[in-house]
Amino acid sequence: MPDALSNPSLFRSLGKLARGLSALFWGLPAALLVSAETARADWLKPLGFLPVFAINILLVYALWLMHDFQKQERPWRHALDRAQLLALVNLGLCPFIYWRNKMPDQPFFDAAVLLLELSGILFLFNLNLVLKRLGAMLPDETLRHETRQFTALNRWLLVALLFLLIGFIGLTQMPHLSPPIGRLLFWVNRFSNLLLIFFILLPLAMTMALIWKTKEVILDAVFGSRG
């Protein structure tokens, strides 16, 4: 991107884009870990919902940093806006993880955490669309091909996870179930948080790899060309 060197506004937007990608790279796994610990552990209880709230603020801020890049590209802006809207939804719902841990018998808190899980899956789905649109705008054919291929795989995995989660919710609402299905649902429900974390780790890891490679391409193409 040699034009960035002679265009100060583009150079600044690329710098903010790289910082936003770095914040996403570190914020995504931190959000998963802190949310899981807030939901099931006691050592974060003295801090209340502040840790999970702070991590979600970081994700909102990361996407906000990326808004200055290529404002005229509508597909890119629309994907980024959707991801940021979902990040704000996650930010509003994340305190319920702590409140559910503190008051586990409240069905409203269970519903809010379930909605947060669905919103989190949709957020990661839309974040992959953001990476796909970003990769299409960068002058690296290898990155463009890998981004198109792996974001498609990630989205299929997340759609499958979403349908599995919806199917589980539907089965739990049925009044009469056979004993084997009832026992299966009991154990799935008991370990639902662990299962969700397991099945989301693969698309999360691939998303992080794409974020890191995209950031490295930007740093090498723009800042490396100065030398």
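Values for this structure:
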| quantity | calculated |
| --- | --- |
| Residue pairs meeting the criteria (Cβ under 6 Å; at least 6 apart or on separate chains; first under 17 Å from E216 (Cβ atoms), in the stretch 116-144; second part of a helix (DSSP H, G or I) and among the basic types (K, R)) | G135/R144 |
| Selection from the stretch 203-226 of residues that are within 15 Å of L21 (Cβ to Cβ), among the basic types (K, R) and at pLDDT below 90 | none |
| Residue match in the stretch 93-108 (condition: of a type in the set (S, T, Y), in a helix (DSSP H, G or I) and either in contact with a Lys or Arg (Cβ under 7 Å, 6 or more places away or on another chain) or farther than 29 Å from T147 by Cα (or both)) | yes |
| Scan of the stretch 148-167 for residues that are farther than 18 Å from L201 by Cα and crowded, with 18+ Cβ neighbours inside 10 Å, ordered by number | none |
| Unique match (being aliphatic (A, V, I, L, M) and without any contact (Cβ under 8 Å) to a residue 24 or more places away in the chain) among A79, A112, A83 | A112 |
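Each row is one residue, and each column tells you yes or no for (1) surrounded by fewer than 20 Cβ atoms within 10 Å (Cβ to Cβ); (2) modelled with pLDDT of 85 or more; (3) not in a helix (DSSP H, G or I); (4) not acidic (D, E).
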{"site": "A4", "(1), (2), (3), (4)": "no, no, no, yes"}
{"site": "W26", "(1), (2), (3), (4)": "yes, yes, no, yes"}
{"site": "P29", "(1), (2), (3), (4)": "yes, yes, no, yes"}
{"site": "L33", "(1), (2), (3), (4)": "yes, yes, no, yes"}
{"site": "E37", "(1), (2), (3), (4)": "yes, no, no, no"}
{"site": "A54", "(1), (2), (3), (4)": "yes, yes, no, yes"}
{"site": "A62", "(1), (2), (3), (4)": "no, yes, no, yes"}
{"site": "R82", "(1), (2), (3), (4)": "yes, yes, no, yes"}
{"site": "L86", "(1), (2), (3), (4)": "no, yes, no, yes"}
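The values are calculated or read from the model by the stated rules, or taken from the named source; none is laboratory data. Quick caveat: nothing in here was measured; it's all calculated off a predicted structure. Reconstructed Cβ throughout: ideal geometry from the backbone, glycine too, with neighbour counts over all protein chains shown.
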